[in-house]
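Novice: I have a structure here, written as structure tokens, and I will follow up with some questions on it.
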Amino acid sequence: MFNSYFQSMSLARRLSLGFVSVLILLLAVAITSSYALKLQGNRVQRIVQVNNVKTALANDLMENINDLAIRARSAALFTDMDHKQLQVEFNAAKNAEKSFLKTEETLNALLVGDNATDKERALMADILAAGKKVLPSTAESLEQAMDADNVAAVLTLSNRVRPAEAILRAKVTELIDLQSKINEEASSDVLALQQKVFVVVGILVVVALAMGGLIAWRITKSVTTPITQMQVTVTEIATSQDFSRRVPVDRMDEIGLSLVAFNAMIEKIQESSAQLKQKTADIQAMMQYIPQGILTIEHGDTVHPEFSAYLERILETSDIAGRKVMDLVFAGSQFNAEILSQVEAAITACIGEDAMNFEFNEHLLVPEVEKKMPDGRVKILDLNWSPITDDTDTVVRLMLCVRDVTEMKALAAEAGQQKRELEIIGQILAINQEKFHEFIDSSAKFLTENKQLIDAVSADGGAVTDPEVITQLFRNMHTIKGNARTYGLLHLTNMVHEAEQSYDALRKNPEAGWDQEKMLDQLAGTFAAIEEYAHINEAKLGRKGPGRRGGVDKFLMVQKDQIQQALGILETVDWNNMAAARAAITRVHNSLSLIGTESIESILLGISDSLPSLAKELGKEVPLSTIQDHGIVIKNQVADLIRNVFMHLYRNSIDHGIESPTERLAKGKTAAGHIQLELSLDNGRLQFKLRDDGRGLAVALIRKKAIEKGLIREDQQLSPEAIAQLIFEPGFSTAEQVTEVSGRGVGMDAVKSFVEREEGSIALCFLTPESAASSDGYRPFETVISLPAKLAVQSNA
């Protein structure tokens, strides 16, 4: 309990308690020794005083006895003493008796309590008894002698006094000796007591010193132990960098509060260390995973060992740390020696100098480099230079951020090409299809005529003898330019303008010289530009031939909206964001891909519209027709093929597949049939799957017809799938009779021919196993048409 209370005390209170305790002990020692000495001195003084009184009384008693004895002897010796003289003696005896009695009272008082020993009391009793025996007799004898003048009485008195005197003398002498002995013993007791007091005082002093030392040790330990623990903890923390360690706090004095403050400081350091470790880890993680090359350049133009891991991927080498930056980054670049020297000098001039030097030389640090890799590829690297300064604003290192913008540049180029293509498409769509073809044809004629004129002049040695030749060249090119400008074909206008200017300069100054190579290059560029417009018109827009005004305008209006949207995407894209740029280009690419496409619903619209009349003609309910296109649109160039193929397939489904309403109801089906078409794009192929819920294919009937037509031998064994494919043989038909519907002159062999013409294939695939065939041998199937994927586009809409 005291230990817990001691631990809870403040250090100042402990020190005060220690000093006060020692002072109290020393004061107690002084007071105790002084009191003991004083008490013993008083006792000795009292004993001596009492003994002196006793001795004085005894001497007085002795003197009284001596006086009585003397007077008794005088009376005996001097018998002739007169009566007056005896009276005097008698009075003296009476006075002596009174003194004796008074002395007796005093002695009795002294003999009470602890003022006398038993031996003293015995001696005093004997003395008093002898005195009492002598004094009355003496007084009586003197009185008799006075009355009778009796000498004999006086003698008797003398005789009686003499033994009593001797006894009294002996007793008084013994008492005096006893008092002397008692005084000596008292003195000895005082000396012994002094020795005991000195011993006790010494013991108390030793105890006080021991307690003082214990208190000082406890106080010192209470101070040094936590300080030592704190020192050990600090050393361990410094060694292990484990800031989770704490100094235990078991009290709340000044040292305890210091330990609490120390632990709080360590906790702050731990938090700061954790934050620093986290920041370091974050920086290391960024340096490890950031998709950008980061390095720092030290004195000597060498690369610091710390750099981002992505830098190895960009530069395609792990040998980076310690290398010269000029060798690492600029080796194999497009720069000449002069530019490289400027860059190296600028780097050297910045490191170790004031930050202002970087601002002065920053323009010499190139922002981009084309670096040839070991395998011959060329990477375009974006370089971003930044100074790293200290507190004095001195550049200690240069930081170089390297980005591989090769793909970005390629995307930008692709975007530029897409933008150019979109602009050309927009320009083409703004022109009537007939007028555009007329422009292309007329421009081609003018360019052909110019080439013939140039070749003819060159064949004559390059000397222009007829100015009309140059005028004709200029006139033809000017006509192309005028028409291109009229129709808003801006990209073609710029190309033609350059050639026109050359002809105009030669026309104004024939002495300038005939440069056939330049003219042919300009002519080839113009040819290429016109061919680009013609190709986009046909391949992208699907506008082959002069076309017709009707329907085309409607088609063109739809395409204009798509083009404007795509151009808007390219104009707002953030080229510093690779993902955004890639996404934008993808969207524009999709928009370009959708140009010149139609949905399968629009292509088959005429067929869908004809189904009611067809069903009515065959006496059947109008079938339900559903299409699942999965966002796939078809290129216009195969729209006619699709229409021709599916016109026949849909007619076959209604004519041969779907039963009559009566038959369907008997089979538990709905009166109206259901025709389904599903599109898919997979593994580079565009697939159409057409199925209906009719009776299906009769494999036995197909085999019988094939044998009758000599397509297979009767003993020839074929799988059901192989037998089904026989319907694509020329002239094959399972129809019982030729109708207006089935006898249109287009069989499945013609459908197969249409499909194969576009590098496609067609097949019949059963939907159920052979064991699931109906009782009359019919099995459900679907017609699968496969075409190249380039004929379709997966729309994101």
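The values are calculated or read from the model by the stated rules, or taken from the named source; none is laboratory data. Given the structure is predicted, the values throughout are model-derived calculations rather than measurements. Cβ sites come from the backbone with ideal geometry, for glycine too, and all protein chains shown count toward neighbours. Please note that ligands, DNA and RNA were not included when accessible areas were found on the heavy atoms of the full protein model with its side chains. Shrake-Rupley method; radii C 1.70, N 1.55, O 1.52, S 1.80 Å.
Novice: Under 6 Å between Cβ atoms, which residue pairs at least 6 apart in sequence (or on different chains) link something in the range 361-377 that is of a type in the set (Lys, Arg) with a partner that is surrounded by fewer than 17 Cβ atoms within 10 Å (Cβ to Cβ)?
Specialist: Listed pairs, sorted by first residue: Lys371/Gly332; Lys372/Gly332; Lys372/Val378.
Novice: Suppose the filter is crowded, with 18+ Cβ neighbours inside 10 Å, in contact with a helix residue (DSSP H, G or I) (Cβ under 7 Å, 6 or more places away or on another chain) and closer than 18 Å to Met399 by Cα; does Ile290 pass it? Before you say what the answer is, go through the steps one by one.
Specialist: Numbers: crowded, with 18+ Cβ neighbours inside 10 Å: no; in contact with a helix residue (DSSP H, G or I) (Cβ under 7 Å, 6 or more places away or on another chain): yes; closer than 18 Å to Met399 by Cα: yes.
No, not satisfied.
Novice: To continue, here is another question. Go through the range 565-612 and count every residue that is open to solvent by 70 Å² or more (accessible area, probe 1.4 Å), over 29 Å from Gln628 (Cα atoms) and part of a helix (DSSP H, G or I).
Specialist: 3
Novice: Just to be sure I understand, how many residues within the range 677-702 are within 60 Å of the chain's Cα centre (by Cα) and modelled with pLDDT of 90 or more?
Specialist: So the count comes out to 12.
Novice: Sticking with this one: Spot the failing condition for Gly545; the list is (1) at pLDDT below 80; (2) closer than 30 Å to Leu791 by Cα; (3) assigned to a helix (DSSP H, G or I), and only one is missed.
Specialist: (3)
Novice: A further question on this structure: Quick test of your reading of the structure: Leu422 fulfils all but one of (1) touching a Gly at 6+ places or on another chain (Cβ under 6 Å); (2) under 30 Å from Leu489 (Cα atoms). Name the failing condition by number.
Specialist: Here Leu422 meets the rest and fails (1).
Novice: Open to solvent by less than 60 Å² (accessible area, probe 1.4 Å), basic (Lys, Arg) and at pLDDT 85 or above: does that describe Lys705?
Specialist: Against the criterion (open to solvent by less than 60 Å² (accessible area, probe 1.4 Å), basic (Lys, Arg) and at pLDDT 85 or above), Lys705 qualifies.
Residues are listed down the side, and each one gets a yes or a no for (1) closer than 24 Å to Met399 by Cα; (2) crowded, with 16+ Cβ neighbours inside 10 Å; (3) of a type in the set (A, V, I, L, M, F, W, C):
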residue: Thr235; (1), (2), (3): no, no, no
residue: Thr239; (1), (2), (3): no, no, no
residue: Met252; (1), (2), (3): no, no, yes
residue: Leu259; (1), (2), (3): no, yes, yes
residue: Ile266; (1), (2), (3): no, yes, yes
residue: Leu276; (1), (2), (3): yes, no, yes
residue: Lys279; (1), (2), (3): yes, no, no
residue: Asp301; (1), (2), (3): yes, yes, no
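Novice: Only one of (1) touching a helix residue (DSSP H, G or I) at 6+ places or on another chain (Cβ under 9 Å); (2) farther than 17 Å from Ile428 by Cβ; (3) modelled with pLDDT of 80 or more fails for Glu517. Which number is that?
Specialist: Glu517 satisfies all of (1) touching a helix residue (DSSP H, G or I) at 6+ places or on another chain (Cβ under 9 Å); (2) farther than 17 Å from Ile428 by Cβ; (3) modelled with pLDDT of 80 or more except (1).
Novice: Which number in (1) surrounded by 14 or more Cβ atoms within 10 Å (Cβ to Cβ); (2) under 36 Å from the mean Cα position of the chain (by Cα); (3) hydroxyl-bearing (Ser, Thr, Tyr) marks the one condition that Ser333 misses?
Specialist: (2)
Novice: Given the conditions (1) more than 30 Å from Ser16 (Cβ to Cβ); (2) of a type outside the set (Val, Ile, Thr); (3) touching a residue at least 24 places away in the same chain (Cβ under 8 Å); (4) loosely packed, with under 14 Cβ neighbours inside 10 Å, and given that Phe243 satisfies all but one, which numbered condition is not satisfied?
Specialist: It is condition (4) that Phe243 fails.
Novice: Which ones in the range 311-353 are under 16 Å from Ile294 (Cβ atoms) and of a type in the set (S, T, N, Q)?
Specialist: Answer for the range 311-353, where residues must be under 16 Å from Ile294 (Cβ atoms) and of a type in the set (S, T, N, Q): Thr317, Ser318.
Novice: If you check Leu381 against the conditions, is it modelled with pLDDT of 90 or more and in contact with a helix residue (DSSP H, G or I) (Cβ under 8 Å, 6 or more places away or on another chain)?
Specialist: Against the criterion (modelled with pLDDT of 90 or more and in contact with a helix residue (DSSP H, G or I) (Cβ under 8 Å, 6 or more places away or on another chain)), Leu381 qualifies.
Novice: With the condition kept exactly as written, say whether any residue in the range 367-389 is among the aliphatic types (A, V, I, L, M) and assigned to a helix (DSSP H, G or I).
Specialist: Looking for residues that are among the aliphatic types (A, V, I, L, M) and assigned to a helix (DSSP H, G or I), one finds none in the range 367-389, hence no.
Novice: If you don't mind, another one. Here's a check for you: in the range 719-734, which residue that is at pLDDT 85 or above and of a type in the set (A, V, I, L, M, F, W, C) is surrounded by the fewest Cβ atoms within 10 Å (Cβ to Cβ)?
Specialist: The qualifying residue surrounded by the fewest Cβ atoms within 10 Å (Cβ to Cβ) is Ala722.
Novice: Further, regarding this structure: Residue by residue through the range 613-663, note down the ones that are open to solvent by less than 50 Å² (accessible area, probe 1.4 Å), free of Cβ contacts under 8 Å to residues at least 60 places away in the same chain and of a type in the set (Lys, Arg).
Specialist: Lys620
Novice: Taking Asp455 as the residue in question, decide whether it is touching a helix residue (DSSP H, G or I) at 6+ places or on another chain (Cβ under 8 Å) and of a type in the set (Asp, Glu).
Specialist: No: the conditions fail for Asp455.
Novice: When the range 390-437 is examined, which residues are found to be assigned to a strand (DSSP E or B) and open to solvent by 70 Å² or more (accessible area, probe 1.4 Å)?
Specialist: Those that are assigned to a strand (DSSP E or B) and open to solvent by 70 Å² or more (accessible area, probe 1.4 Å): Arg397, Arg403.
Novice: Quick check on my filter: what residues within the range 372-386 are under 18 Å from Pro291 (Cβ atoms) and in contact with a Leu (Cβ under 8 Å, 6 or more places away or on another chain)?
Specialist: Answer for the range 372-386, where residues must be under 18 Å from Pro291 (Cβ atoms) and in contact with a Leu (Cβ under 8 Å, 6 or more places away or on another chain): Leu383, Asn384.
Novice: Taking the stated definitions as given, is Glu344 open to solvent by 50 Å² or more (accessible area, probe 1.4 Å), part of a helix (DSSP H, G or I) and not hydroxyl-bearing (Ser, Thr, Tyr)? Lay out the reasoning, then the answer.
Specialist: Details: open to solvent by 50 Å² or more (accessible area, probe 1.4 Å): yes; part of a helix (DSSP H, G or I): yes; not hydroxyl-bearing (Ser, Thr, Tyr): yes.
Yes, satisfied.
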